[in-house]
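Trainee: I'd like to ask some things about the structure below.
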Amino acid sequence: MDLRILHIDDDLALAQLVKKKLGRRNCVVRHDSDAQAALLLLQQEPFDVVILDHYLENTTGHDVLEQMRTSQIDVPVIYITGSNEARVAIDAIKAGAADYVIKSVDEDFFDLLEDAIRQTVSTARLRQEKQQADEEIRRGKERAETLLAEMNHRVANSLALVASLLRLQAGATDNEQLRQALTETQSRISAIAGMHRSLYTSEHVNDVAMDRYLDALIKDISSTIDTGKNLIEIVLDADPIELPADKAVSAGMIVSELVTNALKYAYPEGTAGKIHVSFKQHDKGLAKLAVEDQGVGLASEHKNATSTGLGHRIIKSMADAIGSGIHYPSRERGAVAEVMVSLAVPDATG
C-alpha cells in the first residue's frame, strides 16, 4: 500500500527530487511550500508522515511542530536540516519530531529518507494499534464494572428482601427466643446487603468506602433493634478508608454483632447511653476497628446475654480473617472491643 507523505519545504528543486525519488518507492508525495496551507491540509486529509524542512519562508520547522502540537495534529514528522545543524535536529526531536535526516542531494539522502519514513510509519502504526488495544481493554473493563455493579445491585436488593421477610417473621411470632434469633439473623443479612449496596454506589466496584458503609449499617441496626425508645445513641467516627469487599463484609459483621450486643445488654432498660463505633487509620498498613460503651461492663454483658454464643463465634472468626483477632482491653467502666485490621492486599501472584 502506498504511503501518503506531505513534504513541507520552500526548496522547490529539492521538493521535485523528493517527489520523483520517493514516487518510485511506492510513496505518494504531496508538496507545499507554505506552512499554514500545509497545516490546514493536515487537518483536512490523512497522511502517514510529514517531511518537514527547518528553514521555511517567514517561519521555521520548530514553529510548525509547535502549531501541530497546539492543533493536536497527530502525524509523525521527519525533520530535514543541514549537516552543520545538529542542535537544530536535536531540538526538533525534543519538540516532537520522530526522526531527522541531514539534507543533501546525494543518493544516500534519499535512501536514508526512505528508511526513516518506513521506520517512522511502522512505529506510528504500532503505537496506534497499542492505543486501540488499550482503548478496547478500557471499554471492556468499563463493561465488566457495569455488569459487576448491576450484580451487586441485584444481590443487595435480594438480600434486603430476605431481611424484610425475616423482620415480618420475627414480628409474627410470640416466641421471644425465636424473635431474637430472627432479628439477629436479619441484622447479619443486612450487613452483607449493605456491603453490596456500597459496592454498586461506589466509584470503585471492588472496594468499599468504610465510612459510608458503616454509617448506613448503623442506621439499619438502629431501625431494626429496639433501643429503648431511642435512649441509646450510636456514634460513628470513621476515616475514609477503603477495604476489599471480603474484608468489608467481615468488618461489617463484627460491628453488627458488637453493636447489637451493646444495644441489648450494655445499658439497663430505660437508661440512656452511647455506643461509639470507630474505624481509624492506626499505623502503616493497619486500621483499628473498635466498638465501646460506658455501660455495665463486659462481664455483665456476657452474663446477661441469653444467646447461643453464635455471635461471639462469628466475631472471632471474622476478626481472625481480617486482622489479629478480637481484643477486649480492660477498663474501669463499660466495655470495648478492638480489631486491628490489615489494610495490605495479599499478592495475587504468590
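Trainee: Write out, first by first residue and then by second, each pair whose Cβ atoms fall under 9 Å of each other, whose residues are 6+ apart or on separate chains, and whose first residue, in the stretch 47-70, is free of Cβ contacts under 8 Å to residues at least 40 places away in the same chain and closer than 14 Å to HIS7 by Cα while the second is open to solvent by 20 Å² or more (accessible area, probe 1.4 Å) and part of a strand (DSSP E or B).
Mentor: Sorted first by the residue in the stretch 47-70, then by its partner, the pairs are HIS54/THR60.
Trainee: For LEU12, only one of the following conditions fails: (1) free of Cβ contacts under 8 Å to residues at least 40 places away in the same chain; (2) surrounded by fewer than 13 Cβ atoms within 10 Å (Cβ to Cβ); (3) within 24 Å of ASP91 (Cβ to Cβ). What is its number?
Mentor: Every listed condition holds for LEU12 apart from (3).
So that you can scan it fast, the table gives a plain yes or no per residue for (1) surrounded by 16 or more Cβ atoms within 10 Å (Cβ to Cβ); (2) modelled with pLDDT under 85:
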{"site": "ALA172", "(1), (2)": "no, no"}
{"site": "ASN175", "(1), (2)": "no, no"}
{"site": "LEU182", "(1), (2)": "yes, no"}
{"site": "ARG188", "(1), (2)": "yes, yes"}
{"site": "GLY194", "(1), (2)": "yes, yes"}
{"site": "GLU203", "(1), (2)": "no, yes"}
{"site": "MET210", "(1), (2)": "yes, no"}
{"site": "LEU214", "(1), (2)": "yes, no"}
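Trainee: Something else: Scan the stretch 247-271 and report the pairs whose first residue is among the aromatic types (Phe, Trp, Tyr) and whose second residue is open to solvent by 10 Å² or more (accessible area, probe 1.4 Å) and in a loop (DSSP other than H, G, I, E, B), with Cβ atoms within less than 7 Å and a gap of 6+ or a chain change.
Mentor: Hits for this filter: TYR265/ALA305; TYR267/GLY295.
Trainee: Check whether at least one residue in the stretch 166-185 is in a helix (DSSP H, G or I), touching a Phe, Trp or Tyr at 6+ places or on another chain (Cβ under 7 Å) and touching a residue at least 12 places away in the same chain (Cβ under 8 Å), and report yes or no.
Mentor: no
Trainee: May I ask you to list the residues in the stretch 315-350 that are in a loop (DSSP other than H, G, I, E, B), open to solvent by 30 Å² or more (accessible area, probe 1.4 Å) and either aliphatic (A, V, I, L, M) or modelled with pLDDT of 85 or more (or both)?
Mentor: Those that are in a loop (DSSP other than H, G, I, E, B), open to solvent by 30 Å² or more (accessible area, probe 1.4 Å) and either aliphatic (A, V, I, L, M) or modelled with pLDDT of 85 or more (or both): TYR328, PRO329, SER330, LEU343, ALA344, VAL345, ALA348.
Trainee: Another question about this same structure. Mind checking which strands (runs of 3 or more DSSP E) fall wholly inside the stretch 27-136 and carry at least 3 residues that are over 19 Å from LEU17 (Cα atoms) and at pLDDT below 95?
Mentor: Values: elements: 27-32, 49-53, 77-81, 99-102.
Because the criterion is at least 3 residues that are over 19 Å from LEU17 (Cα atoms) and at pLDDT below 95, no strands (runs of 3 or more DSSP E) in the stretch 27-136 meet it.
Trainee: Also: Quick check on LYS103: is it in contact with a strand residue (DSSP E or B) (Cβ under 8 Å, 6 or more places away or on another chain) and either free of Cβ contacts under 8 Å to residues at least 12 places away in the same chain or open to solvent by 60 Å² or more (accessible area, probe 1.4 Å) (or both)?
Mentor: Yes.
Trainee: Here is a further query. When only residues in the stretch 146-170 that are among the small types (Gly, Ala, Ser) and closer than 17 Å to ASN206 by Cβ count, which is modelled with the lowest pLDDT?
Mentor: Going through the qualifying residues, I end up with ALA149.
The values are calculated or read from the model by the stated rules, or taken from the named source; none is laboratory data. Keep in mind it's a predicted model, so treat the numbers as computed, not measured. Using ideal geometry, Cβ is built from the backbone for each residue, glycine included, and neighbour counts are taken over all protein chains shown. Please note that ligands, DNA and RNA were not included when accessible areas were found on the heavy atoms of the full protein model with its side chains. Shrake-Rupley method; radii C 1.70, N 1.55, O 1.52, S 1.80 Å.
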